[in-house]
Amino acid sequence: MPKAGYTYSFDHAHLLGIEGLHPLDITHILDLADRYADATRAGQRADPVLTGRTVVNLFFENSTRTMSSFEIAAKRLGADVINMPVAHSSVKKGETLIDTAMTLNAMKPDVLVIRHSASGGAKLLSRKVDCAVINAGDGTHEHPTQGLLDTLTIRRTKGRIEGLKVVICGDIAHSRVARSTTMALHLLGAEVHLCGPRTLLPPGTDTWGAASATTDFDAALKGADIVMMLRLQLERMDGAFLPSRREYFRYFGLTADRLALALPDATVMHPGPMNRGIEIESAIADGPRSVITEQVEMGVAVREAVLDLLAGTRT
Amino acid sequence: MSLSIHNARLLDPATGMDEPGAIFIDKGKIRDIAKGQSGPHKDARDSLDAGGLCLAPGLIDLRVKTGEPGDEQKETLATASRAAVAGGVTSFVVMPDTRPTLDDVALVRFITERARETAKARIYPSGALTVGLNGEQMAEIGLMADAGAVLFTNGDVPVPNASIMKRAMAYAASRGALVMSRPDDRALSASGVMNAGAFAARAGLSGMPVEAEWIGAARDVMLAESTGCRLLLDQVSTARTLEIVAEARARGAKVHATVAAHTLFFNERDVGDYLTYCKVNPPFRDEETRQGLIDALKRGEIDAVVSAHDPQPPEEKRLPFGEAAFGAAGLETTLAALMSLVNDAGLPLLDALAAVTSGPADLLGLPQGRLKPGAPADLILFNPGKPWLCDREHLRSRSTNSPFDGRRLQGRVMRTLVGGETVFEFAAS
């Protein structure tokens, strides 16, 4: 008896956000990223599927970590990589972004990786260029490769996504990671609970797929499989959105005592860079339950997979 | 150590009780209330014949300033507590605008400790809503609440920026904290020294218009609605402000209001010939407005009456009206001011007492402020009709800047108990 089969193809021109992806798309990216991660761990060289392709990293916000991750991923697949860190102060938003896009488009790159401080920046760019656009973070909107790498890290650690209880704690309001990760995990069947001070918890998180949003971290932690801490930007502390660092740590810092409220085998995550002693205790960040360095490793694998799917020669 | 007080008129505003009877106190708490009983309670070791005096819960005052720490020449926690118990006030909240500002856990603990060591009444610290009351940086609301701060306020000058106020209220709401705010648009009122109107104009004094209060109240009430924060409007001075409160409450907002006792007693004309003892903020309004507030109190629209005790030494008051400090001593005259409304304006006695006992107790979630077995035995024995002449020389506060100075008043506390212990007894001078 022949099996009923189906063919799948990743038919997106860009990766602008998790929103708009089908659970199958996500699974497909993760499966491919899994293979890239395994190959790298085994010391094997990846197929040079991006040979002759040009990838431009267009970063309007400084981010050494994310830019390096994209650069390494692209180079592993044989691409030519141009890094364009555009100083934020020299950019006058809107029109300049489009001008930059038109200029770059005339040089015919194959992939534009963009980070911009304005929400919707990647989308705007994608309308003006002929190549594939990867959103590496747009304002407080989305950071899809982060959402994917978090999901991949969890899948590799726990063996599944469906049915897991995930708690994401911190500055939810200003976090593009919270949005992308919540959506990705929700699409694959996890139960995502968001937690943070009231001033940093926006309304309508249920439309992202979050199961709940609460200011009570201790209550949220009960039965959690995954605890993900977000970075608190310094400018949000010290009175503007929160009273102080120590008060934040008192109610929302991840300590050993607090982690004991989650399941005994709960995994700790953080998208980095960390504020040790503010959102997370060093002993936890460096402890056996932390997969923070694996997240960085999976970041490269996920970006290899995304670059492959959008611009690889085999597709 | 057990005590029975008999032959008393028991007044409990929380339940509406107004009956003769006896009360039995043991280990600092009310153990039993024997309605209708004329003799001492059977279990009591000591007994006291009240001689038919009113027995009510001690007053709870939500707004008191002392000078401790930083301005002890004005008042200390100890001197304020002496004045308090003489006025029947057994619990009070101190404002955070001291030097340094009460914006830190250590200072909240300092007040609690100093009060325990030196004061005759129970003293509760409030916390600053913003650091140094600067109106910009949120203070450590959660940590201070955990350390015992019972409410959070920016003091006399409200947070000017609505966005910062909203965030502070949203944050306070998430920690279950009560925010107290002066409804005042400073852009309209900051240059004023008394109620705006014809009287101020003729006196050549700049005025504080009622709209400043309405606009400030509307802002904070709407923010309370959108953030879910419990809000207490501090020292409302017009009935129209209470309408703003009532509307929001009807929509489910947790909004409450206090009125200063002297605002119910005086009107703008009492400023008279530039009497700086009558310079307070909010200012004494016109007579129609004062009557409107009394009517609102009768309708139960005012959650609590406060003394707004704000002692100022002579060097702050012996100045031209415009240059003198705002503020009036009030701990010893709150009850008499309310009794004047009972005796002259038809305010029911139990309603008057509710605004200074069960009303404020409910706002703070305190067990006292009621005659109930298990409640702390913070009690007053008073004569609601006893006439007396208020002479500032005899006031117990360290600063005696009272607008009641020289006034004939009715209603006098004869004995005050805190935790079952007598801390004040009236001695005819």
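What the table shows:
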quantity	calculated
Hz values of 3J(HN,Hα) by residue in segment B:23-40 - Karplus curve (6.51, -1.76, 1.60), Gly and Pro given as x	10, 10, 10, 9, 6, x, 10, 6, 9, 8, 10, 10, 5, x, 7, 9, x, x
Chain A, relative contact order [Cα under 8 Å, separation at least 6], %	20
Relative contact order (%) - segment B:58-364, alpha-carbon pairs under 8 angstrom, separation at least six	16
With DNA, RNA and ligands ignored, accessible area of A:F10 (1.4 Å probe; Å², nearest 10)	30
Of the DSSP H helices in chain B, those whose Cα atoms cover at least 30 Å axially and whose Kyte score averages 0.0 or more	none
Within chain A, helix-based [θ] at 222 nm, where runs of 4 or more DSSP H residues each add -39,500 (n - 2.57), nearest 500	-11500 deg cm²/dmol
Options B:L11, B:G36, B:L48, ranked by Cα towards positive dipole end of segment B:1-48, top entry (Cβ charges)	B:L48
Charge dipole of the protein assembly as shown about the Cα centre (unit charges at C-beta), most positive-ward option of B:A198, B:L297, A:T214	A:T214
Förster radius 51 Å - calculated FRET efficiency between A:E162 and B:A106 (Cβ-Cβ, nearest 0.05)	0.55
Full-extension gain in nm, A:D265 to A:K222, via 0.36 nm per residue minus C-alpha separation	14.2 nm
Unit charges on C-beta of K, R, D, E only; dipole of segment B:366-429, Debye	200
Separation in nanometres of the label points that stand 7 Å from Cα toward Cβ, at A:K128 and A:A106	1.3
Size of charge dipole - segment B:139-227 - debye, nearest 20, with Cβ of Lys, Arg +1 and Asp, Glu -1, no other charges	100
Calculated from backbone phi, Karplus (6.51, -1.76, 1.60) coupling profile of segment A:103-116 in Hz, x at Gly/Pro	4, 5, 4, 5, 8, 6, x, 9, 9, 10, 9, 10, 10, 9
Most to least packed among B:291-298, B:36-43, A:38-45 [average Cβ atoms within 10 Å]	B:291-298, B:36-43, A:38-45
A:D11-B:E243 FRET efficiency (beta carbon distance; Förster radius 56 Å; 0.05 resolution)	0.35
Nearest-20 debye value, chain A charge dipole, Cβ charges on Lys, Arg, Asp, Glu	240
Cross-link partners of B:K317 among lysines (Cα-Cα below 20 Å; sequence separation of 8 or more within a chain)	B:K65, B:K74, B:K279
Using a Förster distance of 22 Å, the FRET efficiency for B:E425-B:H394 (Cβ separation, nearest 0.05)	0.90
Most positive-pole-ward Cα, B:N343, B:L231, B:N154, against dipole of chain B from beta carbon charges	B:N343
Reach of A:K123 by Cα under 26 Å, taken over lysines that are not fewer than 8 positions away in the same chain	A:K75, A:K92, A:K93, A:K108
Contact order normalised by residue count of segment A:144-291, Cα under 8 Å, 6+ apart, percent	23
Backbone HN-Hα couplings from phi across segment A:66-72 [Karplus 6.51/-1.76/1.60, Hz, Gly and Pro as x]	5, 5, 4, 4, 5, 5, 5
Built amide H within the under 5 Å cut-off of B:K386, gap 5+	B:G411, B:R412
Any cysteine of the protein assembly as shown lacking a neighbouring Cys Cβ under 4.7 Å - listed by number	A:C131, B:C54, B:C229, B:C278, B:C390
Inter-probe distance in nm under a simple model that places probes 7 Å from Cα toward Cβ, at A:Q44 and B:A250	7.4
A:T313 versus A:I98: modelled label distance in nm, points set 7 Å from Cα along the beta carbon direction	3.7
Residues in segment B:318-333 that a label on B:Y274 would reach, taking backbone N under 14 Å of a point 7 Å out along Cα→Cβ	B:318-325
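The values are calculated or read from the model by the stated rules, or taken from the named source; none is laboratory data. This is a predicted model, so every value here is computed, not measured. Neighbour counts are summed over all protein chains in view; Cβ atoms, including those assigned to glycine, are modelled from backbone coordinates with ideal geometry. Note: areas computed on protein heavy atoms with side chains; ligands, DNA, RNA excluded. Shrake-Rupley method; radii C 1.70, N 1.55, O 1.52, S 1.80 Å.
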